[in-house]
Structure formats: structure tokens, C-alpha cells
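The values are calculated or read from the model by the stated rules, or taken from the named source; none is laboratory data. Small disclaimer: the values here were computed from a predicted structure and weren't measured. Backbone-built Cβ (ideal geometry, glycine too); neighbour counts: all protein chains shown. These area figures cover heavy atoms from the full protein model, side chains too; ligands, DNA and RNA do not enter into them. Shrake-Rupley method; radii C 1.70, N 1.55, O 1.52, S 1.80 Å.
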Number of protein chains: 2
Amino acid sequence: MSTRDALVEATADLLWERGYSATSPAMILARSGAGQGSMYHHFRGKADLARAAMQHAADEMTTGLETADDPSLPALERVRAFLGSLRDPLRGCRIGRLVQDAEVVDDDDLRGVADQYLHGLEQWVTDVLDAGRAAGELRPDADTAAAAAMVVAVVQGGFVLARARQDAAPQQAAVRGALAALDALAV
Amino acid sequence: MSTRDALVEATADLLWERGYSATSPAMILARSGAGQGSMYHHFRGKADLARAAMQHAADEMTTGLETADDPSLPALERVRAFLGSLRDPLRGCRIGRLVQDAEVVDDDDLRGVADQYLHGLEQWVTDVLDAGRAAGELRPDADTAAAAAMVVAVVQGGFVLARARQDAAPQQAAVRGALAALDALAV
DNA sequence: GTCTATAACGGGATAGAC
DNA sequence: GTCTATCCCGTTATAGAC
């Protein structure tokens, strides 16, 4: 693995563990094994490296979602599979977690990566539900956009509750509530 | 207002605006008008002051919720009123926002305040829905605990989406989805 | 109780050799 | 491309006068 890739991976891990503000270049260098000079050779600074790391994480998650998805299944099964694939509730969402960081929100490059990922996720759920509605699986009057936003918000909010409690249970309860809501959209 | 109270209020505001890690004692002193010595006289340090400020914010929000609530209304109306009372979507939840901060989660005192607030909120929604079910407004088989967790998660997750987009719309869409889900629980 | 001065430390970035 | 040495600044906390 190239030094550049090692820096990106180490940064992505640290952003997940500690967030942006609490991650220092020194930590990144220690974890990646790279030296100070390499980092400033490949990236303009901390923000630039973090942007690359966030994009890396977002791409991985989006690819993972698409790989695991089976479009031949009924819509509610596809969304159910996504909600069942949540991992590491106590660590939080690799991207959504960062949006509460003032420095991330104040930097349009960093915030943009997060927005793009979350928007893409919401769009994926909307598309799946729309396909299900077109296939006659869901009620014709179902508000798929609202349901998709609810699903993504439940995931992100579930991470918040799990972190506060230091227990996966509240997120699981929230997901159960979301699944019950989706079932109510079926014909 | 006492110097101590001024410190607590200034800290609560800054925690809301910038989070815990990104808020420095110097900022608190500048905003409150207090001097360095006063802060360390009244509090053991930054964490102690933040704990008091978080408790202050949580108490204010809990009191506000109870004041605005009218237990004589139907359960779904009471929850609808809560969901309609969300303000400042771009600023996020005064408490939930802080749970993504590594330093907050690593300090059991700080995390405990957040957990207690969020748990109390979830319990309030559960109690309201239980009352509605007992009154025959909701289906007897409604999973009120799951629905309550879903509602609180939608609020918290909605803040995440709104901050990422810098627009209240995604949170409003998620709330619409949650309301549709609650309506499906009615008899 | 409140003030200012200062210590001790770490954050982020740069310089320049190799 | 990578390294080490160094700079400047802000953060958190303490000291001690008033």
C-alpha cells in the first residue's frame, strides 16, 4: 500500500473513532507509520487529508450497500436488509458522526462529502420504495420520500441514542419502530 | 445574574454552537464576561462546567416539554405537538449533538447527562403512547416502546440530515414520515 | 470572589536536508 | 518522497495579588 493510501486509511479510522477536531496530524502519522513530510507532500493539510478520508469511507459504504442489495427482492425486504446490516452502533456512522463537528460543518468541502453520502442513501431508499410501489407492493398513496427520510433519520438518530447509552438496544428499538412503519405501507 | 450562572449560560450556548471539544475556556470567559479566576473558583475545570451547562440545558428542555404538553389531548396530538416544536434544525439538539464528541462519550459524567435526557424523552413518548393505547386511541397490539424510540431517533437523525444539508427540509421530511407511521398505529 | 500573569503542553504547519 | 528539527499559537490550568 502506498504511503498516501496508508495516510487516507489511518485518517478514515481515526475520524470514525475520534471525529475530526479530536484527531491530530500526530495521531495520523503514528498510526500510518508515515512521517510529517509525507503528509504535507501528499496533502495540503489536515482538512485536505480528512476530505480524502471521508470520501474514501463514503465510497466504501456506498459500494457495500450496492453490493449487498438484491434488486430482485421485494422493496421492503431490500430496506429491511439495509437496516439489518448496521454494524458498530456504539461507534456511530462513519460519516453522519462527523456532521456534529463544528469544524466539519464550517468547511464546505468536508460538509459536502457528508451531505452527498447521506443524500445518496436517502435517494437509494426512495428509489427502492418507489420501485415497490410501482410493483404494487406498497399502497399507491405511500409518501416514499418521507418514509425514506424517516428511515435514514432513524439510522442516524439510532447511532446517537446508542452512543449516549453505550448500548445497541435503543438503536435496535428505533429500527423495529421504523420496520413496523414500513410494514404499514404495504398493500 | 450571578457570575456562576453567567458562566453556565455562556457555556450552554457555546456547547450548542460549537460542541464540547471546540469550546475553550477562553471563549466562555469572553462571552460570560467573567475572569479566569472566577471560573476556576466555581468549577473544577472545563468538564465540570460543561456538566453543569449540559444539565442546565437538559432541565430547560424537559421543563419546556412538560409545560407545552396538554395531557387532556389525544396521544397522537401530544406527540405531534412535540414533533412540531422542534426549532433551529441547523443548530442541532442541544444535548444529542454532544454525544458524537469523543471527549463527551469518554467522560461518564457528561455522557450520563445526555443519556438521562434522551432516555427521559423516550420514556415520555412511550408513556404518552401507552396512555393513548389504554384510552383506545391506538391499536392494542401497537409496540409503543419501538414507536417511541423511532420518534426520538427521527428527531436526532433529522438534526444530522439538516446539518449535513444546511437546510431544514430533510428533517421535516423525516418528521412527516414519522407522523405517517404514528397515524398507522391509530385504531 | 475576582483579577492578571504565567506555566506546561499539544496542535498545525513550515524549513530544509537527504 | 521522506525525514527531522523547529516555529508559532491556542488550550487548560495554576499562582498569587487584590
Defining the label point at 7 Å along Cα→Cβ, can you sort the distances from B:D48 to the same site in each other copy, shortest first, in nm? 4.4
The range A:1-56, convex hull of Cα, quarter of hull surface, nm² -> 3.2
Given the whole protein assembly as supplied and a 1.4 Å probe, what does the accessible area of B:W16 come to in Å², nearest 10? 40
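In whole percent, and with a 1.4 Å probe on the protein chains, what portion of the accessible area of chain A is carbon and sulfur? Please report the intermediate quantities before stating the final value.
Details: 3830 of 7840 Å².
Accessible surface attributable to carbon and sulfur in chain A totals 49 percent.
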Taking Cα atoms, how many degrees apart are the long axis of helix A:75-84 and the longest axis of chain A, rounded to 10 and kept between 0 and 90? 40
Sequence-separation-based contact order of chain A, relative, with Cα cut under 8 Å and 6+ spacing, percent: 22
Could you compute Rg(Cα) / (2.2 N^0.38 Å) for the range B:67-116, with N its residue count? 1.52
Ordered by packing density, taken as the mean number of other Cβ atoms within 10 Å over each peptide's residues, highest first, how do A:3-10, A:24-31 rank? A:3-10, A:24-31
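About its Cα centre, how strong a charge dipole does chain A have in debye, to the nearest 20, once Lys and Arg get +1 and Asp and Glu get -1 at the Cβ? Display every interim value, and only then the final one.
Numbers: 18 positive and 27 negative charges, 127 e Å.
For chain A, the charge dipole is close to 600 debye.
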Mind listing the label-point distances from B:A6 to the same position on all other copies, shortest first, one decimal in nm, points 7 Å along Cα→Cβ? 5.3
Inter-copy distances for B:Q36, nm, shortest first, label points 7 Å along Cα→Cβ, are 2.7
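How big is the charge dipole of the range A:91-163 about its Cα centre, in debye rounded to the nearest 20, if each Lys and Arg gets +1 on its Cβ and each Asp and Glu gets -1 on its Cβ?
Working: 7 positive and 13 negative charges, 95 e Å.
Using only the charged Cβ atoms, the result is roughly 460 debye.
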Partner chain Cβ atoms within 10 Å, averaged over the residues of B:140-149 - can you pull that number for me? 5
What net charge is computed for the residues neighbouring A:A169, neighbours being all others with C-beta under 15 Å from the C-beta of A:A169, Lys and Arg scored +1, Asp and Glu -1? -2
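What percentage of all Cα-Cα pairs in chain B are separated by more than 30 Å? Walk me through the intermediate numbers first.
Values: 4741 of 17391 pairs.
The share of Cα pairs beyond 30 Å in chain B comes to 27 percent.
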Given the DSSP H assignment, sum -39500 (n - 2.57) over each helix run of at least 4 residues in chain A and divide by its residue total; what's the result at 222 nm in deg cm²/dmol, nearest 500? -23000 deg cm²/dmol
At a probe radius of 1.4 Å, what is the per-residue accessible area of B:H41, in Å² to the nearest 10? 140
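Order these peptides, B:151-157, B:60-66, by their mean beta-carbon neighbour count within 10 angstrom, highest first.
Numbers: B:151-157: 30.0, B:60-66: 12.7.
Put in order of decreasing packing, that is B:151-157, B:60-66.
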Ordering A:100-108, B:72-80 by per-residue average of other C-beta atoms within 10 angstrom, highest first, gives A:100-108, B:72-80
What number, in nm² with one decimal, is the all-direction average of the projected area of the convex hull of the alpha-carbon atoms of the protein assembly as shown? 19.8
At 7 Å along Cα-to-Cβ for each site, give me the label-to-label distance between A:D108 and A:D69 in nm. 2.9
Nearest-ten-degree value, helix B:169-183 long axis tilted from longest Cα axis of chain B: 40
Mind putting a number on the dipole of the range A:62-124 about its Cα centre? Charges go on the C-beta only, +1 for Lys and Arg and -1 for Asp and Glu, and I need it in Debye to the nearest 20. 420
Return, ordered by residue number, the residues of the range B:156-187 whose backbone nitrogen is under 13 Å from a label point located 7 Å along Cα→Cβ of B:M61. B:156-160
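Average partner chain C-beta neighbours within 10 Å, per residue of B:104-112? Don't jump to the answer; show the numbers that get you there.
Values: counts 2, 6, 2, 0, 1, 0, 0, 4, 2.
Shielding by partners across B:104-112 averages 2.
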What's the average, rounded to a whole number, of partner chain beta-carbon atoms within 10 Å of each residue's beta-carbon in B:165-176? 5
